[in-house]
Amino acid sequence: MLISIQNVCKNYRAGDIETAALKDINLEVNKGEFVVVLGPSGSGKSTLLHVSGGLDDVNDGTIIVNGEEITKMKGSQLTNFRRKELGFIFQQYNLMPNMTVFENVEVGARLSHHPLDVEKVLQEVMLDDLFSQFPYQLSGGQQQRVAIARAIAKNPSILFCDEPTGALDEETGKTVLEVLQRINEEFQTTIFLITHNLGIADMADKVVRMKSGEIVEVRHNTHKKRAS
Ligand code: ADP
Ligand code: ADP
């Protein structure tokens with residue numbers, strides 16, 4: 001078991017209004033699984049990703065990631081764990097503008113005690129001909145693939161993806177998803193991806209559907225689409 005989420009509750013308070021973003025969530029993610037969390041806007045997907053990745057705390061419950069109970073960790077301990085062990089991809093790419101593609105990915109590798117080979121990772125995201133380019137010279141899809149390579153280079157036990165194709169057109173988004181699928185297969189990286197795009201469910205091993213802060217369905221996909 002790579003992630004175990006047990007009876008997790010998360011509330012947000014804004015002024016007098018309290019929102020229950022996660023209501024008694026239970027979920028398990030196995031090593032190597034590609035998990036897609038679907039649901040309408042406001043259903044709690046981002047909150048689930050944030051608490052699972054240690055970016056935000058919970059009000060109640062337990063979260064264990066790769067054998068470590070992150071809900072018991074304190075600030076710097078959690079930050080260290082996140083930096084070394086977890087990979088994140090967001091809608092925006094957050095690349096270093098004054099570093100080349102290769103250097104951006106090296107930054108990821110340097111954070112880890114057990115990094116992957118930067119060149120091999122860049123091949124896997126199909127950027128091996130763009131090593132010495134700078135981010136401004138790349139398209140959105142290419143920049144997102146650099147962000148994926150940077151996250152993967154540290155050989156994270158899990159890669160958290162928050163709407164990774166949200167800023168991309170459909171065709172470019174497809175390429176990015178294919179890259180994630182290749183990485184899942186090639187490096188056995190566990191992937192936890194949230195989206196409101198129903199079409200993405202086809203590539204998952206496990207599809208989790210959320211509604212109003214609750215998990216309403218967990219479906220195992222036995223006919224998963226393979227990356228071409
Ligand atoms: P999703 O990712 O599915 O769109 P979120 O996890 O972002 O859903 O939000 C779940 C609920 O929590 C929503 O009702 C949202 O308005 C609320 N929420 C999220 N973040 C905050 C915040 N920082 N402060 C107050 N309410 C929040
Ligand atoms: P939205 O589409 O709701 O604006 P984003 O995709 O920009 O959300 O980011 C999702 C969440 O992740 C936000 O709460 C943001 O603060 C957080 N976030 C974005 N980038 C990073 C990062 N590099 N490190 C940590 N948290 C981040």
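By how many nm would the segment from His196 to Ser112 lengthen if fully extended, with 0.36 nm per residue of separation less the alpha-carbon distance?
Extending this stretch completely gives an extra 27.1 nm.
Could you do me a favour and compute the accessible area per residue for the chain, 1.4 Å probe, result in Å²?
Averaged over the residues of the chain, the accessible area is 48 Å².
Computed FRET efficiency, Cβ-Cβ of Asp16 and Asn94, R0 30 Å: what is it to the nearest 0.05?
On the way: r = 34 Å, r/R0 = 1.15.
With a Förster radius of 30 Å, E is 0.30.
Residue by residue through the range 56-70, which ³J(HN,Hα) values in whole Hz follow from phi under the Karplus form 6.51 cos²θ - 1.76 cosθ + 1.60 (θ = phi - 60°), with glycine and proline marked x?
8, 8, 9, 8, 7, x, 10, 10, 10, 10, 6, x, 10, 7, 6
Specify the inter-centroid distance of the range 97-150 and the range 63-77, based on alpha-carbon positions, in whole Å.
Each part reduced to its Cα centre gives a spacing of 28 Å.
Decide, for the range 110-169, between rounded, prolate and oblate: order the square roots of the alpha carbon gyration tensor eigenvalues as a ≥ b ≥ c, take rounded if a/c falls under 1.5, and otherwise choose prolate if a/b is larger than b/c, else oblate.
Oblate.
Tell me the angle of helix 140-153 to the major Cα principal axis of the chain, expressed in degrees between 0 and 90 and rounded to the nearest ten.
So the helix axis and the longest Cα principal axis differ by about 80 degrees.
Of Asp162, Asp129, Asp16, which has the largest mean-square fluctuation in a 10 Å C-alpha GNM of the chain?
Asp16
Multiplying the sequence separation of Asn59 and Asp169 by 0.36 nm and subtracting their Cα-Cα distance, what value in nm do you get?
Between Asn59 and Asp169, full extension yields an extra 35.9 nm.
Tell me, in nm to one decimal, what length is gained between Lys211 and Asp128 on full extension, where the rule is 0.36 nm per residue of separation less the Cα-Cα distance?
25.8 nm
Can you work out the FRET efficiency for the pair Asn26 and Lys224, with r the C-beta to C-beta distance and R0 = 30 Å, to the nearest 0.05?
Computed FRET efficiency for Asn26 and Lys224: 0.80.
Mean-square fluctuation check for the chain, GNM, Cα pairs under 10 Å: which of Leu116, Leu127, Leu55 is largest?
Largest GNM mean-square fluctuation: Leu55.
Across the range 160-172, in residue order, what do the Karplus-derived ³J(HN,Hα) couplings come to in whole Hz, using 6.51 cos²θ - 1.76 cosθ + 1.60 with θ = phi - 60° and x for Gly and Pro?
8, 10, 9, 6, x, 10, x, 9, 10, 6, 4, 5, 5
For the chain, give the percent of accessible area contributed by carbon and sulfur heavy atoms, probe 1.4 Å, rounded to a whole number.
Whole-percent figure for carbon plus sulfur exposure: 46.
Hey, can you grab everything whose amide H is under 5 Å from the amide H of Gly32? Only 5+ residues off in sequence or another chain; H modelled, so Pro and N-termini drop out.
Residues meeting the amide H criterion: Thr190.
Can you tell me the 0 to 90 degree angle between the C-alpha axis of helix 101-110 and the longest principal axis of the chain, rounded to 10?
It works out to around 50 degrees.
Amide H of Ile89: which non-local residues (sequence gap of 5 or more, or other chain) have their own amide H closer than 5 Å, using H built in the peptide plane?
When sequence neighbours closer than 5 places are left aside, the close amide H contacts are Phe160, Cys161, Asp162.
The values are calculated or read from the model by the stated rules, or taken from the named source; none is laboratory data. Only a predicted model underlies this, so the values are computations on that prediction, with no experimental measurement involved. Positions of Cβ are generated from backbone atoms using ideal geometry, with glycine treated the same way; all protein chains shown enter the neighbour counts. Areas reflect the complete protein model, heavy atoms only, side chains present, ligands, DNA and RNA absent. Shrake-Rupley method; radii C 1.70, N 1.55, O 1.52, S 1.80 Å.
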